[in-house]
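Written out below as structure tokens is the structure these notes cover.
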Amino acid sequence: MSTQLPLQISSFETYQSTYERSVRDPEAFWAEQAATFSWHEKWNRVLDWNFTDPDVKWFQGGKLNITENCLDRHLDTRGDQTAILYEPNDPEAPVVRLSYRQLHAEVCKVGNALRELGVGKGDRICFYMPMVPELAISVLACARIGAIHSVVFAGFSAQALADRVNDSDCKMIICSDYNNRGNKTIPVKEVVDEALALGCPSVETVLVHRNTGEPITWDASYDQWYHECVDEQSTECPAEVMDAEDVLFILYTSGSTGKPKGVVHTCGGYMVYTAFSFLNVFQYNPGDVYWCTADIGWITGHSYILYGPLLCGATTMMFEGVPTYPDAARFWQVCAKHRVNQFYTAPTAIRALMARGNEYVEGHDLSDLKVIGSVGEPINEEAWEWYHEKVGKGKVPIVDTWWQTETGGIMISGLGGHSPQKATFAGYPLPGIQMALVSKNTGEELTENPESGLLCVKFPWPSMLRTTWGDHERCRNTYFSTVPGMYFTGDGARRDANGMYRIVGRVDDVINVSGHRMGTAEVENAIDEHPLVVETAVVGYPHEIKGQGIYAYVILAPGNHDPEKLRNEIVETVRTEIGPIAKPDKIQFVEELPKTRSGKIMRRILRKVAAGETDNLGDTSTLLNPEAVDAVIEGKV
Ligand code: 6R9
């Protein structure tokens, strides 16, 4: 088995020449990277593509299993090295270290258990679990037997879980009994029970991992204990041989329409690109301890807690807890405790910790940090500077990594320590990534610098989405129809005179709350579920900690209502429909919403009012009901 790793770039000059080469002959470049992995059969074509259908295939005919590349191929060279380092929620609880050998054995046991429970290649398994080692183990086990994982962040509601389970007809749900988060214990299995009560006809088995051991309700017709199914299994489990273009996983994400879509990633290209990007962005070297604070329920956890690091034989940390428990020093205390070398987190966490005061970060030994990263939303200058000064002590390079669920891996970023860095600029595209700015007005590519426009990608890259589950037309329409011949990201960006990119933010009806993507339509649909709500418009507004907050304008049915009571009920409705992450921060009751003559809500104006920018609302005279604007301004909360 191959123990090689993809190319690791070690200077800005090498980056430039590599980039140039990767664009001149992408097939040769990616074939060279792909050849460092273990394949059962080599591919016969590197790339076939068009962005019209769209139809993208990398490494066709290649046969592999990604978990053999994550685990088996490291056994001879680093079998006893820690693969997963687990830091529990409770700082006093014992740390768990799983070596590559142990992780391999555990993954095999779960793989065998899943097969015994009747799961096979192509079946979908939904995961609804906290950040425990068993989540990593069973996700990998799922991939080992060729089943498709769909991890749902354990903060989503029963309704949101049921929607996701049903969209992809999952045969099994793997969950925990409870979740430890700070000083709270959160029921997890109970939410799964509620989801099943809402109706999940495809689910045959719920495999329950015992985390806290507190009592749960049990239905013997589908519930099974994880440990009872797994403990006696063999530690060898032959990996399913997958085609490079077989589906590896589905991950649901929000878009500008109401219903979340299942982004589909496939085995071969995703493997090659997550490993390549991990190695280069974080400049991981053998022996380093790498920590990404994301949750495996998001793409960042998939690509940069699990697959990228394990493919590269890294020691990757998993953290069960929250940044503020037992206090706001936890991240830094954990960095010092485990001598973390690469630390990767989100601007919202940086801002929240910054707001608590410098005393929490000072006094912790952060001298092992070599690269610190940011992901999920634009990082504002103040947060960047604080991260740079207080965490990086003014010298550790920051990688501001721009990418998306759909891109599978990091697209624009510095390569830790080897790229010029500039606060709030993500920087240059990685090798093989051909970004473009496109004029909103003409639809033409903007080739000069400096420039700003719609952020697009002109050429396929190995880890790009292939489709949206069950609805290819939606994939085409969402990503490939705005700018014909290109993948449109939904973001707007600016390129400076030197060609460095700064991401401005979403240009569609998607808001980014604490780094979590939320469709405004999705939140509106949830609010509309309240029986007294007639119509709603949801917009984002600048929020000091969360980046964006959720502002809802709500029209109520006629009658005398208690506004405070209704606000609470609406918040509760959203919590039930989606989950606490989608709760509106502000709710304003209005009589009417400003609309165009064709009946479209004027979101531009609502956004400005929510942001408090009422002195330049632009032309409102063409509205159907200009008087609605004044009323909205007057009632601002
Ligand atoms: C990885 C991830 C994707 C959206 C993306 C953009 C925003 C992510 C960013 C960033 C500015 C960065 N975004 N990283 N904006 N700078 N470094 O977050 O995926 O949850 O799908 O969100 O997040 O708006 O389009 P996902």
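The values are calculated or read from the model by the stated rules, or taken from the named source; none is laboratory data. No experiment lies behind these values; they were computed from the predicted model shown. Heads up, the Cβs are rebuilt from the backbone with ideal geometry, glycines too, and the neighbour counts pull from every protein chain shown. Remember, those area values only see protein heavy atoms, side chains included, never the ligands or the DNA or RNA. Shrake-Rupley method; radii C 1.70, N 1.55, O 1.52, S 1.80 Å.
What to note about this one:
- The strands (runs of 3 or more DSSP E) found wholly in the range 416-510 and carrying at least 2 residues that are touching a strand residue (DSSP E or B) at 6+ places or on another chain (Cβ under 7 Å) and more than 14 Å from the ligand (Cβ to nearest atom) occupy 435-438, 451-457.
- Total residues in the range 48-71, condition within 23 Å of Ile148 (Cβ to Cβ) and open to solvent by less than 30 Å² (accessible area, probe 1.4 Å): 14
Listed here are the residues, each with its yes/no results for (1) open to solvent by 90 Å² or more (accessible area, probe 1.4 Å); (2) assigned by the TED database to the domain that holds Phe153; (3) hydrophobic (A, V, I, L, M, F, W, C).
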position: Lys189; (1), (2), (3): no, yes, no
position: Leu196; (1), (2), (3): no, yes, yes
position: Thr205; (1), (2), (3): no, yes, no
position: Arg210; (1), (2), (3): yes, yes, no
position: Trp218; (1), (2), (3): yes, yes, yes
position: Val230; (1), (2), (3): no, yes, yes
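- Criterion violated by Met317 - all others in (1) within 13 Å of the ligand (Cβ to nearest atom); (2) under 20 Å from the mean Cα position of the chain (by Cα); (3) open to solvent by less than 30 Å² (accessible area, probe 1.4 Å) satisfied: (1)
- Hits in the range 279-310 (condition: within 16 Å of the ligand (Cβ to nearest atom) and touching a helix residue (DSSP H, G or I) at 6+ places or on another chain (Cβ under 7 Å)): Cys292, Thr293, Ala294, Asp295, Ile296, Ile299, Ser303, Tyr304, Leu306, Tyr307, Gly308, Pro309
- Of the residues screened, Val289 is one that is touching a residue at least 40 places away in the same chain (Cβ under 8 Å), open to solvent by 10 Å² or more (accessible area, probe 1.4 Å) and more than 27 Å from Glu577 (Cβ to Cβ).
- Selection within the range 434-462 - more than 12 Å from Tyr487 (Cβ to Cβ) and either open to solvent by less than 10 Å² (accessible area, probe 1.4 Å) or in contact (Cβ under 8 Å) with a residue 60 or more places away in the chain (or both): Leu437, Lys440, Pro462
- A count restricted to the range 315-331 and to residues that are touching a residue at least 40 places away in the same chain (Cβ under 8 Å) and assigned to a loop (DSSP other than H, G, I, E, B) stands at 6.
- Within the range 378-401, the only residue that satisfies the criterion of being open to solvent by 20 Å² or more (accessible area, probe 1.4 Å) and within 7 Å of the ligand (Cβ to nearest atom) is Pro378.
- The range 1-41, residues that are touching a His at 6+ places or on another chain (Cβ under 7 Å) and of a type outside the set (Ser, Thr, Tyr): Ile9, Phe12
- Filter result for Ser367 (away from the ligand (no atom under 11 Å from the Cβ) and not in a helix (DSSP H, G or I)): yes
- Number of the condition not met by Cys170 [criteria: (1) in contact with an Asp or Glu (Cβ under 9 Å, 6 or more places away or on another chain); (2) surrounded by 24 or more Cβ atoms within 10 Å (Cβ to Cβ); (3) part of a helix (DSSP H, G or I)]: (3)
- Residues of the range 1-20 that are outside any loop (DSSP other than H, G, I, E, B) and open to solvent by 80 Å² or more (accessible area, probe 1.4 Å): Glu13, Gln16, Glu20.
- Scanning the range 278-302 for residues that are of a type in the set (D, E, K, R) and more than 15 Å from the chain's Cα centre (by Cα) yields a single hit, Asp288.
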